[in-house]
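One structure below.
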Amino acid sequence: MRALELNYDGFIEKNIIPFGINVDHIPSKSAWAKVINIKKLQMLSDYNPLGEVAKAYGVFLEKLNASGRANILINEKGKIQWVETYEISEIPDFKEVLSKISEL
């Protein structure tokens, strides 16, 4: 989430609203956001029912009972334009995401 926060303005310049979502509940997300200095990024909770959004987008990891790491670009009509998944230990390259936006 910190990497997404650091690239937030680049998304806004392209008229894209970035947000982070995972299965942590809201009090945990709020505390974590303060620790990692999240000021702009919206961090959404997919806690209840657990992983419903991640399951809908095919990125829920049943073995971990958690959402996987992925970037998903969705247009204003709700259509998925691009998906890239990552290993949990991998930090996504948001410059790659910004370049994909330019290609769409």
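Data overview
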{"item": "Helices (runs of 4 or more DSSP H) (entirely within the stretch 1-57) containing at least 3 residues that are over 13 Å from the mean Cα position of the chain (by Cα) and without any contact (Cβ under 8 Å) to a residue 40 or more places away in the chain", "result": "8-13, 26-35, 52-56"}
{"item": "Residue that is farthest from I16 (Cα to Cα) [pool: residues in the stretch 37-46 that are in contact with a helix residue (DSSP H, G or I) (Cβ under 7 Å, 6 or more places away or on another chain) and not charged (D, E, K, R)]", "result": "S45"}
{"item": "Filtered residues of the stretch 58-76 (kept if farther than 21 Å from L98 by Cβ and either of a type in the set (F, W, Y) or over 14 Å from the mean Cα position of the chain (by Cα) (or both))", "result": "F60, L61, E62, K63, L64, N65"}
{"item": "Tally, over the stretch 26-83, of residues that are farther than 20 Å from G10 by Cα, among the polar types (S, T, N, Q) and surrounded by fewer than 16 Cβ atoms within 10 Å (Cβ to Cβ)", "result": "4"}
{"item": "Selection count, the stretch 84-98, where residues are part of a loop (DSSP other than H, G, I, E, B), out of contact with any strand residue (DSSP E or B) (no Cβ under 6 Å at 6 or more places or on another chain) and not hydroxyl-bearing (S, T, Y)", "result": "4"}
{"item": "Criterion (modelled with pLDDT of 90 or more, in contact with a Gly (Cβ under 9 Å, 6 or more places away or on another chain) and not aliphatic (A, V, I, L, M)) met by exactly one of N71, N48, N65", "result": "N65"}
{"item": "Filter pass, K34 being of a type outside the set (A, V, I, L, M) and touching a helix residue (DSSP H, G or I) at 6+ places or on another chain (Cβ under 9 Å)", "result": "no"}
{"item": "Identity of the residue in the stretch 84-104, among the acidic types (D, E) and loosely packed, with under 14 Cβ neighbours inside 10 Å, that ends up farthest from the chain's Cα centre (by Cα)", "result": "E103"}
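The values are calculated or read from the model by the stated rules, or taken from the named source; none is laboratory data. Note that this is a predicted model, so its numbers are computed, not measured. Here the Cβ is made from the backbone with ideal geometry for all residues, glycine too, and neighbour counts use every protein chain on show.
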